[in-house]
Amino acid sequence: MSETGRTHSFVTRAIHAGREDLSELGVHVAPIDLSTTYPAVDSTTEADRIEEFANGGQPDGSPIYARLHNPTVARFETALAELESAEAAVAFASGMAAISACLLAGGAPVGKPHVVAVRPVYGGTDLLLNSGLLGTDITWVNADKIAEAITPQTGLVVVETPANPTLTELDLRAIADECGDVPLMVDNTVATPVLQRPLEHGASIVVHSATKSLGGYGDVVGGVVACSESFARSLRSIRIATGGILHPLAGYLLLRGLATLPIRVKHASENALELARRLQQDERVARVYYPGLDDDRPGAGQMSGGGSLLSFETVDDAKDVVLGVKLITPAVSLGSVDSLIQHPASLTHHVVNPDDRNACGISEKLLRLSVGLEDVEDLWADLDQAL
Ligand SMILES: *Cc1c(COP(=O)(O)O)cnc(C)c1O
């Protein structure tokens, strides 16, 4: 962890992490390095350096080639690692590229890898795990049956908390105990490190779709994994081999996004809590899911706020609400400055088998609302007229 990491608060670190050398460089904002290749003059020493990159190391000096390393992306990685209390972070082209690399790296030490996972998870993650596309076997279990499902072949346990889209919360400490020596991977996209840092609760790997709150403005696709330096080395070698690198412009935008992350998440959480309370009292709404509305939930205290995402079941046809909104955008994705609403059974979780979908609470009546930074009264007025 850097100098800022030891001495400053989270909010301050979000603004300064990954930028420690800027005044030494004589600049105020991070430079964007768009080079695809770099001068490699002494072939003998470069051969050693390229080997070190291929093994997941980060040797000093020229990056040699943009798929091996990029200094702008590295700034975002340094900053995110610091905010997640991790030794290292490795950025990818998308959240799914990050999750794929974790499945490959988690499986590598055990031959034919087995993954244990708890539903619900993001629809794309569900699809990837269920398809066995990356050569993994999957066992889906309830959170209290993880230990029973682990075999000598298990390379990874995968959970999401709060889960997308039902906001189901899991007690990470209890799950980490169940995992024993098997690495626990937590998708922390919904909570962000502002509200929850899974590595502080026993997890070993944190993944993010950086496309969501980390970017924050709906204009960048990316993914990132925060973990130990040894797991990061595996991820970097996989990234070099499979090519799922983050573009330097995306790295720049994500570093910039981190600076406003705490203030955005705090404000969006206040808006979301207010909307959740109003929806809960509304007779047109059958049920509201929002972390913190219910005090005896598992993992209570693990999150320091409810976050920007809420879900609710309507009494009448949920799809009519999506048709009726005027200010809120009917769209997938989440964690943007503007509010977005969607029908998970039709869109983000359409790929999940309908029986599995219903079993984990994703009904035809469920809507997911990603709350932005608009005035909460304007958001309520829009929801009210759409309902
Ligand atoms: C969006 C999302 C993903 C996938 O990320 P992409 O950047 O779209 O590839 C994974 N997990 C969660 C929780 C998400 O919301």
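The values are calculated or read from the model by the stated rules, or taken from the named source; none is laboratory data. Everything numeric here is computed off the predicted structure, so don't read it as measured data. Methodologically, a virtual Cβ is constructed for each residue, glycine included, from the backbone with ideal geometry; neighbour enumeration extends over all protein chains shown.
The table for this structure:
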{"item": "Hey, ARG173 among the charged types (D, E, K, R), under 14 Å from the mean Cα position of the chain (by Cα) and either modelled with pLDDT of 95 or more or crowded, with 24+ Cβ neighbours inside 10 Å (or both) or not", "result": "no"}
{"item": "Residues satisfying the stated conditions in region 34-53, i.e. over 19 Å from VAL224 (Cα atoms) and not hydroxyl-bearing (Ser, Thr, Tyr)", "result": "LEU34, PRO39, ALA40, VAL41, ASP42, GLU46, ALA47, ASP48, ARG49, ILE50, GLU51, GLU52"}
{"item": "Of all residues in region 242-277 being polar (S, T, N, Q) and buried (at least 20 other Cβ atoms within 10 Å of the Cβ), the one that is farthest from the chain's Cα centre (by Cα)", "result": "ASN271"}
{"item": "Close pairs from region 122-137: first within 13 Å of ALA97 (Cα to Cα) and part of a loop (DSSP other than H, G, I, E, B), partner within 11 Å of the ligand (Cβ to nearest atom) and of a type in the set (Ser, Thr, Tyr), Cβ under 7 Å, at least 6 apart", "result": "LEU134/SER100"}
{"item": "Total residues in region 352-379, condition surrounded by 16 or more Cβ atoms within 10 Å (Cβ to Cβ) and not small (Gly, Ala, Ser)", "result": "15"}
{"item": "When residues of region 189-211 are limited to those that are surrounded by fewer than 24 Cβ atoms within 10 Å (Cβ to Cβ) and not hydrophobic (A, V, I, L, M, F, W, C), the one nearest to the chain's Cα centre (by Cα)", "result": "SER204"}
{"item": "Subset of region 129-153 that is within 18 Å of GLY95 (Cβ to Cβ) and buried (at least 18 other Cβ atoms within 10 Å of the Cβ) - its residue that is farthest from the ligand (Cβ to nearest atom)", "result": "THR136"}
{"item": "Residue in region 319-339 that is of a type in the set (Val, Ile, Thr), in contact with a helix residue (DSSP H, G or I) (Cβ under 6 Å, 6 or more places away or on another chain), touching a residue at least 12 places away in the same chain (Cβ under 8 Å) and part of a helix (DSSP H, G or I) present", "result": "yes"}
{"item": "Pairs, first of a type in the set (Val, Ile, Thr) in region 15-42, second in a loop (DSSP other than H, G, I, E, B), C-beta under 8 Å, six or more apart", "result": "THR36/ALA66; THR37/ILE64; THR37/ALA66"}
{"item": "Of residues in region 70-103 being of a type in the set (A, V, I, L, M) and part of a loop (DSSP other than H, G, I, E, B), the one nearest to the ligand (Cβ to nearest atom)", "result": "ALA93"}
{"item": "Odd one out for VAL115 among (1) within 16 Å of the ligand (Cβ to nearest atom); (2) out of contact with any Pro (no Cβ under 7 Å at 6 or more places or on another chain); (3) not in a strand (DSSP E or B)", "result": "(3)"}
{"item": "Filter result for LEU310 (part of a helix (DSSP H, G or I) and surrounded by 15 or more Cβ atoms within 10 Å (Cβ to Cβ))", "result": "no"}
{"item": "First in region 236-253 and touching a residue at least 12 places away in the same chain (Cβ under 8 Å) and over 17 Å from SER35 (Cα atoms), second anywhere and aromatic (Phe, Trp, Tyr) and part of a helix (DSSP H, G or I), Cβ under 8 Å, 6 or more apart", "result": "ARG236/PHE53"}
{"item": "In region 346-387, the residues that are over 19 Å from ASP126 (Cα atoms) and in contact with an Asp or Glu (Cβ under 6 Å, 6 or more places away or on another chain)", "result": "LYS365, GLY372, VAL376"}
{"item": "Qualifying residue in region 191-198 (condition: at positive phi and of a type in the set (Ser, Thr, Tyr))", "result": "yes"}
{"item": "Selection status of THR72, at pLDDT 95 or above, of a type in the set (S, T, N, Q) and surrounded by fewer than 21 Cβ atoms within 10 Å (Cβ to Cβ)", "result": "no"}
{"item": "VAL220 within 16 Å of the ligand (Cβ to nearest atom), in contact (Cβ under 8 Å) with a residue 40 or more places away in the chain and either of a type outside the set (Lys, Arg) or under 21 Å from GLU84 (Cβ atoms) (or both)", "result": "no"}
{"item": "Condition check for VAL225: modelled with pLDDT of 95 or more and within 15 Å of the ligand (Cβ to nearest atom)", "result": "yes"}
{"item": "Residue check for SER237: out of contact with any His (no Cβ under 6 Å at 6 or more places or on another chain), among the hydroxyl-bearing types (Ser, Thr, Tyr) and away from the ligand (no atom under 16 Å from the Cβ)", "result": "yes"}
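Let's see how each residue does on (1) of a type in the set (Gly, Ala, Ser); (2) modelled with pLDDT under 95; (3) surrounded by 22 or more Cβ atoms within 10 Å (Cβ to Cβ); (4) under 16 Å from the mean Cα position of the chain (by Cα):
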residue	(1), (2), (3), (4)
GLU87	no, no, no, no
PRO109	no, yes, no, no
LEU127	no, yes, no, no
GLY155	yes, yes, yes, no
